[in-house]
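Worksheet: the structure to be examined is printed underneath.
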């Protein structure tokens, strides 16, 4: 017989003290969202590597039979991304607290690579911070995805004269730079002499070079890159691997990616901490390869002074090509380009500078309001660019030492980062952008960064090993 309640309150049902929970959650490795770490790993992978959270929702449903909404995917990516950002910050603090001699050595148990190469570059992402107290847009007016915290209402669905131009101007104000660092463990041979003294024929192919050096930002401010490679970031690396080159550039064995929206002052220590963890500072040969942006070389001087500074050959080539053609017909300009680029390939930039100075005298200096595409302005920019970077253009020496001479790999990494975060209808707030940049970088890196993270996370929560199916 059931016991009868006594006392004033005859209700035998206990008052609700909280939401229902599974009492074995901790022992089974389930977090507050009721997902195991193994399931969380699938959700975060889909959210970080698809073009949008909506696409991640569809893939999870179709491929993993997981019923997870796009909003849940976003929230879980935010949570895990925040945890990874916190771990990265702790690693930077620990690195900066090391004595200086220790920073320049390899951590215990880490074997330094024979060749360590480091490159940095910048991408683009749209940042929109909602003013405090402002109302969220109505769902019907929201541009889909996509952001971890905020999206911007579309201003119009049908182009209207004058409105489209205004909208483009508005959107332009939101573009900001994200910083990407690429750490490459490489393998190459050291030669007693330059293994490839003659420039590969692929760089003397008019059709290919015209495409390779097509300027993407012809109206960029003078202090920025005046000429950039084509939209194929691997074009330079492919050219160096061409059979006619008769020279095998360094081969990539492993890579690690660092990505952030933080300022250069914070970005530098992040890259340095990652480089130290890989044993890069203790490597026999070290190279820092980048384009001519001053931020790159300030970072190199401050934190990577023991790395050989190398200007990306393709960027140098684009300036040489543009200035050789400036004010000349193609046939005459191509003859000048062939002579100049061979000198650059051989590391004899001074001869190019001498002929450029003569050419500038012939054309005259550019006026203050000179169009950036005028021959005088193009030659003046090339003179400044090559003069500023000539000490980083000793390419014959670099090939002899087996060092890389192109930053195409980091440009490819930027493109892969952009695949997830960049888009005309994608807007992020700072916190959300940082979290997803971190996750995207983790998944683009070789090794087991995320696998070890999930194991650490589960060890911290339950002390149990993850269940793995036999393969």
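The values are calculated or read from the model by the stated rules, or taken from the named source; none is laboratory data. This is a predicted model, so every value here is computed, not measured. Glycine gets a Cβ as well: all are built from the backbone with ideal geometry, and neighbour counts include every protein chain shown.
Overview of results
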read-out	value
Matching helices (runs of 4 or more DSSP H) fully within the range 352-471 where at least 2 residues are more than 29 Å from residue 41 (Cβ to Cβ)	375-389, 395-400, 408-421
Output for the range 258-316, where each listed residue is part of a strand (DSSP E or B) and under 30 Å from residue 203 (Cβ atoms)	285, 286, 287, 288, 289, 290, 308, 309, 310, 311
Checklist (1) assigned to a helix (DSSP H, G or I); (2) loosely packed, with under 13 Cβ neighbours inside 10 Å applied to residue 108, failing item	(1)
Odd one out for residue 97, checked against (1) surrounded by 16 or more Cβ atoms within 10 Å (Cβ to Cβ); (2) at pLDDT 95 or above	(1)
Check on residue 87, within 20 Å of residue 422 (Cβ to Cβ) and out of contact with any strand residue (DSSP E or B) (no Cβ under 7 Å at 6 or more places or on another chain)	no
Residue within the range 320-340 that is touching a strand residue (DSSP E or B) at 6+ places or on another chain (Cβ under 9 Å), surrounded by fewer than 21 Cβ atoms within 10 Å (Cβ to Cβ), over 30 Å from residue 174 (Cβ atoms) and in the same structural domain as residue 295 (by TED's automatic domain parsing) present	no
From the options 317, 299, residue that is touching a strand residue (DSSP E or B) at 6+ places or on another chain (Cβ under 9 Å) and assigned by TED's automatic domain parsing to the domain that holds residue 384	299
